[in-house]
Amino acid sequence: MKKYFDIFYNSYSEYFNYLISEIASFHWDNYFYGLLVISLGVWALELLFPWRKNQKVFRKDFWLDLFYLFFNFFLLNLMVLIALSNTVEAIFIDLLGSFGVSLAHLQLFDLSHLPWWLSLIIFFLITDFVQWATHLGLHRIPFLWNFHKIHHSVKEMGFAAHFRYHWMEPVLYNSMLYIPVALIGGFQVEAVALVHFFNIAIGHLNHANIGWDYGPFKYLLNNPKMHIWHHSKKMPNSYGVNFGITLSLWDYLFRTNYIPYSGRDIELGFRGEEEIPEDFIQQEFYPFHKKKQGDLNAN
């Protein structure tokens, strides 16, 4: 047990030192400045090309969502994800070892033998599909939907709405992503950083007050005109539509796509949303209280 505690503690202190060094230096894959540049860039696009022209610059809950940015992208990584994932990895490896199996035995193939661009595409497709499937689960499984409701409590869309999610969500996403990462070796750090920043940029754009669909690329990339319907209060079913994270491809393949008309002025939220608290602290504790499960369908 002490071994796992040491791994957790060392991961915590190492990430804190890493974060300080990121702020103090600038390089192409700098996490801190990469997030800052992407956020300011997409916000600027919102101001230059607003889709809902009557929506205020500082829309409803703008500052709350910015705090979610600080908490989820920095403090949450510091307190939970890095330390927890390293600890879970060690427990998983030790568990396999007790059965005489190493992690290398489980790997289906190694991407390091492929050209860099091909391994990048494979890594991107695998991780995006896992995230799509996880997102679908957040809507279909009542217990998980209770956490995901925090994200769907957004009433006015803007880039910072991308950040509003309960801390249990990235724990679940990262836990699910660990499976393909463990089974497929050879992921390069540069590829991971590139995919991560690309996903953040698309996620920002999906939630931004921008009426873009990328033309013929809308069948490949998730986009604001598609994602607005994911947040619609009125749904064609009880669990939702358009679950794509970065790619819209999976929704078209599995027929979970839905864009009946321009969603510029549709009402956002879900039935029962009035039970969601308005402040950050209460939102974080909300899913652990036994309340009536809100339904996505407003009918």
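Please enumerate the residues belonging to the range 145-164 that are buried (at least 19 other Cβ atoms within 10 Å of the Cβ) and over 18 Å from Asn222 (Cα atoms).
Those that are buried (at least 19 other Cβ atoms within 10 Å of the Cβ) and over 18 Å from Asn222 (Cα atoms): Trp145, Asn146, Phe147, His148, Lys149, Ile150, Ser153, Val154, Arg164.
Which count do you get for residues in the range 77-133 that are at pLDDT 80 or above and outside any helix (DSSP H, G or I)?
Looking only at that region, the number is 2.
Given the criterion at pLDDT 85 or above, loosely packed, with under 11 Cβ neighbours inside 10 Å, out of contact with any Gly (no Cβ under 7 Å at 6 or more places or on another chain) and of a type outside the set (Asp, Glu), identify the matching residue among Leu64, Leu36, Leu69, Leu47.
Step by step, each of Leu64, Leu36, Leu69, Leu47 is checked, and only Leu47 is at pLDDT 85 or above, loosely packed, with under 11 Cβ neighbours inside 10 Å, out of contact with any Gly (no Cβ under 7 Å at 6 or more places or on another chain) and of a type outside the set (Asp, Glu).
At positive phi and either in contact with a Ser or Thr (Cβ under 6 Å, 6 or more places away or on another chain) or in contact (Cβ under 8 Å) with a residue 40 or more places away in the chain (or both): does that describe Gly211?
no
Which pairs do you get when a residue that is at positive phi, found in the range 218-242, comes within reach of a residue that is surrounded by 20 or more Cβ atoms within 10 Å (Cβ to Cβ) and aromatic (Phe, Trp, Tyr), reach meaning Cβ atoms under 6 angstrom, with the pair 6+ apart or on two chains?
Filtered contacts from the range 218-242: Asn242/Trp229.
Of all residues in the range 134-168, count the ones that are part of a loop (DSSP other than H, G, I, E, B), touching a His at 6+ places or on another chain (Cβ under 9 Å) and more than 22 Å from His204 (Cβ to Cβ).
Residues flagged as part of a loop (DSSP other than H, G, I, E, B), touching a His at 6+ places or on another chain (Cβ under 9 Å) and more than 22 Å from His204 (Cβ to Cβ) within the range 134-168 amount to 0.
Can you find even one residue in the range 201-208 that is in a loop (DSSP other than H, G, I, E, B) and either at pLDDT below 95 or touching a helix residue (DSSP H, G or I) at 6+ places or on another chain (Cβ under 8 Å) (or both)?
yes
The values are calculated or read from the model by the stated rules, or taken from the named source; none is laboratory data. Note that the structure is a prediction, hence the values are computed from the model and not measured. Note that each Cβ is placed from the backbone with ideal geometry, even for glycine, and that neighbours are counted across all protein chains shown.
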